[in-house]
Amino acid sequence: MIDSVKRDIINVLKGGYRALKNKEVAELRDLSNHTIHNASIFRDKDSVSIAIIIFSLSKILEKNQYRQGNEWKGFYKGCLSFLDTARSSLDKDNFENYSNTMSEFFKFISIFDRKMNLFIDNVLDNAKIKKGCRVYEHGISIGCAADLFGLTHWELMNYIGNTTISDYNITMSMSDRIKMVKEIFKIK
Amino acid sequence: MKALVFDTSSIISLALNNLLWIIRPLKKQFKGSFIISEAVRQEVIDKPIKNRRFMFEALTIKDILNEGYLSLIEDKEIEDKTKYLVNVANNIFKANNSYITILQHAEVECIVIAKHFNADACVVDERTLRFLVEDYNKLADILKNRLHTNIEINQENLNIFLNYSKDVKVIRSTELCIAAYEFGILDRYITDRKIHLELRKTLLEGVLWGLKFRGCAISETEINDALGFYGLLKG
């Protein structure tokens, strides 16, 4: 793992622990974007994973139906423990333990979400789409962003269309584009 | 060769808007080939057909392909050239001492096929490839502003890519639908003659916004400019 990437992930894990403990949804959401730069530049899978996890926690934390359930206490404690173990593993450069902890963390969230969620979509997949969209926003193609987050183009495009990402940076006037297509199709 | 080369994103935009059918009459008007690569076929048929959410759309694309309205291209020379050009494209922009992977094989392959067959244009709805071909500075600005870091450009690789792609025109599904609009192909949606003119505006506006909402990289300004081009803009 690149040293700067490791430092960033440790900071996000520390911040995530604090934010979850204080039930700060906005802080968690903000933290989930901190590793997107590294994900975009280095195509770093660990940066991707932590972004998905932290964003998922923010979505879970903001839903009353999740927090009021019987499962909440155990889930909440479990998440704090995963965040702490992952941070401590990285602090000690124990990458194998870090990786195992994160994959268990994914399963833990997935099981909880399946029990509580009223929708077909699950929180982890939604987090992947949101963060994948962020990478596209950074100038990376849809195909590359989809590959990085293990998504299909379909899932990403469906979401990107609802954002304002394409509303800036016009490269050619629309009248020139229309003239071009009329020329291609020989439309008078 | 008279041809249009479609990438994954443009086929998806059309399919998600139930507009894939326009490929049939458009191809007749165009009198040329509509091409996709094997990698695109996998992205628009093989992968989504296993996904409950998009399997119906995948089936409609499969149908168009089976009917011969889309031609599938597989060629060793194109494959090799694509690998080379992907490597070039992904070694142009550098941040924090690392080259940024900006494009995927299937996206670059679209350009290579277009060059190989001297096609009329590529149909690409996603932003990154189009920006690299049309105005790399805009792409460099996006990378710089979004990544909050300095972007170095490998001029040699940039020149290789730009020289290769300089004659390739890029259109989007929106321009394809504008052609369909011009040919009257979309008129089947507006059969009420009494308010025909107003409906023509709604038709073009609705189609362009529909494509935008399903991921085609077109701005609100561009949509309004298109409506203005046809004298359909209010005020």
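The values are calculated or read from the model by the stated rules, or taken from the named source; none is laboratory data. Remember, it's a predicted structure, so these values are computed and weren't measured experimentally. When we count neighbours, we look across all protein chains shown, and the Cβ atoms used for this are built from the backbone with ideal geometry, even at glycine.
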Cβ pairs under 8 Å, 6+ apart, first in the range B:90-104 and facing another protein chain (nearest Cβ under 7 Å) and within 17 Å of B:ILE160 (Cα to Cα), second assigned to a loop (DSSP other than H, G, I, E, B) and of a type in the set (D, E, K, R):
B:THR101/A:ARG43
Go through the range B:205-222 and give me each residue that's over 15 Å from B:ARG127 (Cβ atoms) and buried (at least 21 other Cβ atoms within 10 Å of the Cβ).
B:VAL207, B:LEU208
Cβ pairs under 7 Å, 6+ apart or interchain, first in the range A:1-22 and within 15 Å of A:ALA39 (Cβ to Cβ), second outside any helix (DSSP H, G or I), ordered by first then second residue, are A:VAL5/A:ASP44; A:ASP8/A:HIS34; A:ASP8/A:THR35; A:ILE9/A:THR35; A:VAL12/A:HIS34; A:VAL12/A:THR35
Only one of (1) surrounded by fewer than 18 Cβ atoms within 10 Å (Cβ to Cβ); (2) within 7 Å of chain A (Cβ to nearest Cβ); (3) over 27 Å from A:ALA39 (Cβ atoms) does not apply to B:ASN159, and that is (2)
Return only the number of the condition from (1) in a helix (DSSP H, G or I); (2) touching a helix residue (DSSP H, G or I) at 6+ places or on another chain (Cβ under 9 Å) that A:ASN169 does not satisfy.
(1)
Among the residues in the range B:78-90, are any in the same structural domain as B:ILE153 (by TED's automatic domain parsing) and farther than 23 Å from B:TYR164 by Cβ?
no
Output for Cβ contacts, cut-off 6 Å, separation at least six or different chains, first residue closer than 19 Å to A:VAL181 by Cα in the range B:23-44, second surrounded by fewer than 16 Cβ atoms within 10 Å (Cβ to Cβ) and of a type in the set (Ser, Thr, Tyr), reads B:SER33/B:SER71; B:ILE35/B:SER71
Test of understanding: among B:THR149, B:THR128, B:THR101, which residue is polar (S, T, N, Q), crowded, with 19+ Cβ neighbours inside 10 Å and either assigned to a loop (DSSP other than H, G, I, E, B) or not assigned by TED's automatic domain parsing to the domain that holds B:TRP21 (or both)?
B:THR101
Under the condition of being within 7 Å of another protein chain (Cβ to nearest Cβ) and part of a loop (DSSP other than H, G, I, E, B), which residue from the range A:148-166 is nearest to the chain's Cα centre (by Cα)?
A:THR152
B:LEU72: passes all of (1) away from chain A (no Cβ under 12 Å); (2) in a helix (DSSP H, G or I); (3) farther than 30 Å from B:ASN145 by Cα; (4) of a type in the set (A, V, I, L, M) but (2)
Answer yes or no as to whether B:ARG127 is under 20 Å from A:HIS37 (Cα atoms), within 8 Å of chain A (Cβ to nearest Cβ) and either touching a residue at least 24 places away in the same chain (Cβ under 8 Å) or in contact with a Pro (Cβ under 7 Å, 6 or more places away or on another chain) (or both).
yes
Failed item in (1) closer than 24 Å to A:ASP125 by Cβ; (2) more than 14 Å from chain B (Cβ to nearest Cβ), with A:ALA39 passing the rest:
(2)
B:ASN91, sole failed condition from (1) under 26 Å from B:ALA15 (Cβ atoms); (2) in contact with a strand residue (DSSP E or B) (Cβ under 6 Å, 6 or more places away or on another chain)
(1)
For A:LYS73, state whether it is within 14 Å of A:LEU28 (Cα to Cα), part of a helix (DSSP H, G or I) and among the charged types (D, E, K, R).
no
Could you tell me which of the residues A:SER175, A:SER110, A:SER141 is without any contact (Cβ under 8 Å) to a residue 40 or more places away in the chain and more than 10 Å from chain B (Cβ to nearest Cβ)?
A:SER110
